[in-house]
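Engineer: First the structure, which I've put down as structure tokens, then a few questions once you've had a look.
Throughout, read-outs are computed from the coordinates displayed, never taken from laboratory work. The structure presented is a predicted model; accordingly, all values stated were derived computationally and were not measured. Methodologically, a virtual Cβ is constructed for each residue, glycine included, from the backbone with ideal geometry; neighbour enumeration extends over all protein chains shown.
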Amino acid sequence: MKQTDILEIRALIVSHKRWDVAFGIVGLLSLMVGVLTFAALFVDMALDGAGRLSLDFFTSFPSRKPGQAGILSAWVGSTLVMIVTAAAAVPLGVGAGVYLEEYAPRNWMTDLIEINVTNLAGVPSIIYGLLALGLFVYGLGLGQSILTAGLTLALLILPVVIVATREAIRSIPAAIREGAYALGATKWQVTSNHILPYSLAGILTGVIIGMARAIGETAPVITIGALTFIAFLPAAPLTGDPPAGLFDWILSPFTVMPIQMFNWTSRPEAAFHQNAAAAGLVLVVMTLSMNALAIYIRYRLRRKIKW
Amino acid sequence: MTSLSHADRIDAVSEHFVSDRLARRKLRHVKERVIEFALFVAASISVATTIGIVVILLQESFHFFQQVSLWEFLTDTQWTPLFDDAHYGILPLLSGTMVSSTVALLVAIPLGTTIAIYLSEFAPFSVREVAKPFLEMLGGVPTIVYGYFALLFVTPLLQRLFPELPGFNLLSAGLVMGIMIIPYVSSVSEDAMRAVPMALREGSYAMGATRFQTAIRVVTPAAFSGIAAAYILGISRAVGETMILAVAAGMQPNLTWNPMEPAATITAYIVQVALGDLPHGSLAYQTIFAAGLTLALLTLFFNVIGHLLRKRFRQAY
């Protein structure tokens, strides 16, 4: 081979390798866009809102005077709605996941359910709001209550819980089931004594991620007609006249954190924007710490389990 | 003493014992059946949800279309159901949705794809370990927070560049929405790329290709169906996104293709109506279901396209 050819090839290799380096830099820069946006968002909100964060902010009702307004009714409302959501979404989601993995026969009904779960995950959240408005609020007469909001958000996060449950169950080796069946265990004994305990961490991850999503959801809760200005608390759970009064809180009107933030954001006065920033800060810290917890559990799980 | 012999007594005991065991087994059988049925019911809730969505949207829209013709709905260029001079043309809301989604996708698709290729083919293990959870968290930030950011941080920033930009505009909402969608696009694309078998890459390297050439000419085409699915997911997210637009793009229906203008989207209109107090069963109340039906059909359309793309380009290894 001639010397010039070799030089030409080397030059070609160098120029191609340069593309490698260039793309590595472009990739890092693209990641940085995400990182920087998040940093800007967080710092901007912290600068605006940190001044408003005090104990009073958590223990005051919203008010027409921005300096006295707080998020008491919002965080109480969010907590109560989340209780209903968890109570509905966890048994239904885990049950559905267990059914699809352990029980379901291979037939058209199972296929239908599986396709459905995938498609539901892609339905915009505001459509769930419309479903709840037609079905829960007017169809079943539950009104614009904590129960309606909790059930709506439960339907919304059901696909998340189902998918997480299925993935956790699928990672359990078949030998575990076979061993239990060989000892004469029934299906439910295998499920309750082996499958559920071993998949618990994975299911928990999915539930936490789902709840973090539900707590930040605004659109479906606005659509069912949640109020934006609430200056009272629902009756405390389990305090009313038994037996019916114990659950008074569940049919009470309410507001939640993201709606409170929306309300303050859409006002023209800058003082209310500070309140919105403070509420946003609380919301972000809450959802991020839930997500971080889920990621940590998954990480621990990945390291610990060796079948 | 009773007159029972020893053998009789043993028989009686074992019979009692056996029938007791049989009874327990039968009970166990019933319990198994009940549990299986309960689990089946839990799984069917998802189907019931879909049926519920379809029935509610169609039912209320049916009442709507008895009073407003489909032709008017699709061709009228004004959407003013809450005014005295009511017009019911979905076009202004559709244009708002399309413009904001286009802006968002112009941000999310290039950035999301680049990040996916980088994380799957270039990044060292340590970078990936940090970046993936971070992106996941970026996707977990509540959208109302992004809305606040778009209205009170990005818009003022853009106004320094374009002084004539109004306070509510599709551009800043779309840009922030794009950032929000990046994690969805990048994580699904990356999963698709990592599913490409190592042998394909090794073959490419053996032919003397560089990393970049392998990533662009071998891995990306091989993972095309998954990447297309990621884009479709991104489009669905953009079309259905609500709070960023309701906060930062305004709630005034406006038939425009210019992202520098304020305009309402389908989702923002639903929020606007829900914030007011509309009597149940009125025509204005039914408009949000007609708008919701349009939105649902739009996302269904994209999901079907995604399904077809996946089917057509699916590669089996």
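Engineer: Taking every residue in B:264-277, how many Cβ atoms of other protein chains lie within 10 Å of its Cβ, on average?
Structural biologist: Average per residue, whole number: 4.
Engineer: Also, quick follow-up: Just want the answer: with Cβ charges of +1 for Lys and Arg and -1 for Asp and Glu, which residue in B:LEU22, B:ILE216, B:GLY250 is farthest toward the dipole's positive end in chain B?
Structural biologist: Result: B:LEU22.
Engineer: When the helices in the protein assembly as shown are scored as -39500 (n - 2.57) per DSSP H run of 4 or longer and the sum is shared across all residues, what 222 nm value do you end up with, to the nearest 500 deg cm²/dmol?
Structural biologist: -23500 deg cm²/dmol
Engineer: For chain B, rounded, prolate or oblate, judged on the Cα gyration tensor with a ≥ b ≥ c (square roots of eigenvalues), a/c < 1.5 rounded, else prolate if a/b > b/c?
Structural biologist: Oblate is the answer for chain B, as a/c is 1.5 or above yet b/c matches or exceeds a/b.
Engineer: Same structure again: Can you tell me the dipole magnitude for the protein assembly as shown around its Cα centre, using point charges on the Cβ only (Lys, Arg +1; Asp, Glu -1), in Debye to the nearest 20?
Structural biologist: 2200 debye
Engineer: Toward the positive end of the charge dipole of the protein assembly as shown, about the Cα centre and with charges on Cβ (Lys, Arg +1; Asp, Glu -1), which of A:SER289, B:GLY140, A:SER199 goes farthest?
Structural biologist: So the residue furthest toward the plus end is A:SER199.
Engineer: Efficiency by 1/(1 + (r/R0)^6): what FRET value for A:LEU47 and B:MET260, r their Cβ-Cβ distance, R0 = 22 Å, to the nearest 0.05?
Structural biologist: Numbers: r = 28 Å, r/R0 = 1.26.
Computed FRET efficiency for A:LEU47 and B:MET260: 0.20.
Engineer: Just want to confirm a number: the relative contact order over chain A, from Cα pairs under 8 angstrom separated by 6+ residues, in percent. Could the numbers behind the result be given before it?
Structural biologist: Details: 368 pairs, mean separation 77.7, N = 307.
Relative contact order for chain A comes out at 25 percent.
Engineer: Moving to a separate point now. Taking the Cα centre of chain B as the origin and placing charges on Cβ (Lys, Arg +1; Asp, Glu -1), which of B:VAL188, B:PRO259, B:GLY52 is farthest toward the positive end of the dipole?
Structural biologist: Farthest towards the positive end: B:VAL188.
Engineer: Picking from B:ILE182, B:ILE216, B:ILE270, which is most flexible by a Gaussian network model of chain B using Cα springs under 10 Å?
Structural biologist: In the Gaussian network model the winner is B:ILE216.
Engineer: If the only charges are +1 at each Lys and Arg Cβ and -1 at each Asp and Glu Cβ, what is the size of the charge dipole of segment B:91-313 around the Cα centre, to the nearest 20 debye?
Structural biologist: Value, rounded to 20: 620 debye.
Engineer: Peptide B:55-68: average number of partner chain Cβ atoms within 10 Å per residue?
Structural biologist: 2
Engineer: Over the whole of B:237-250, what's the average partner chain Cβ count within 10 Å per residue? Rounded to a whole number, please. Write down the numbers at each step before the final one.
Structural biologist: Numbers: counts 2, 1, 1, 7, 4, 10, 12, 0, 0, 7, 6, 1, 0, 0.
The per-residue average across the peptide is 4.
Engineer: Need the full-extension length gain, A:ILE9 to A:ARG64, defined as separation in residues times 0.36 nm minus the C-alpha distance. One decimal, nm.
Structural biologist: Here the answer is 12.4 nm.
Engineer: In terms of the Cα gyration tensor, with a ≥ b ≥ c the square roots of its eigenvalues, is the protein assembly as shown rounded because a/c is under 1.5, prolate because a/b exceeds b/c, or oblate?
Structural biologist: Details: a/c = 1.79, a/b = 1.16, b/c = 1.55.
Judged from the Cα gyration tensor, the protein assembly as shown comes out oblate (a/c at least 1.5, b/c at or above a/b).
Engineer: Cβ neighbours within 10 Å, averaged per peptide: list A:165-178, B:194-207, A:189-202, A:68-81 in order, most packed at the top.
Structural biologist: The packing order, highest mean first, is A:68-81, A:189-202, A:165-178, B:194-207.
Engineer: Once you have a ≥ b ≥ c as the square roots of the Cα gyration tensor eigenvalues for chain A, tell me rounded if a/c is under 1.5, and otherwise prolate or oblate according to whether a/b is larger than b/c.
Structural biologist: Here chain A falls in the oblate category.
Engineer: Comparing A:GLY206, A:GLY225, A:GLY150, which has the greatest mean-square fluctuation in the GNM of chain A with Cα pairs linked when under 10 Å apart?
Structural biologist: A:GLY225
Engineer: Might you report the magnitude of the Cβ-based charge dipole of segment A:3-50 about its Cα centre, with Lys and Arg at +1 and Asp and Glu at -1, to the nearest 20 debye?
Structural biologist: Charge dipole, segment A:3-50, about its Cα centre: 180 debye, nearest 20.
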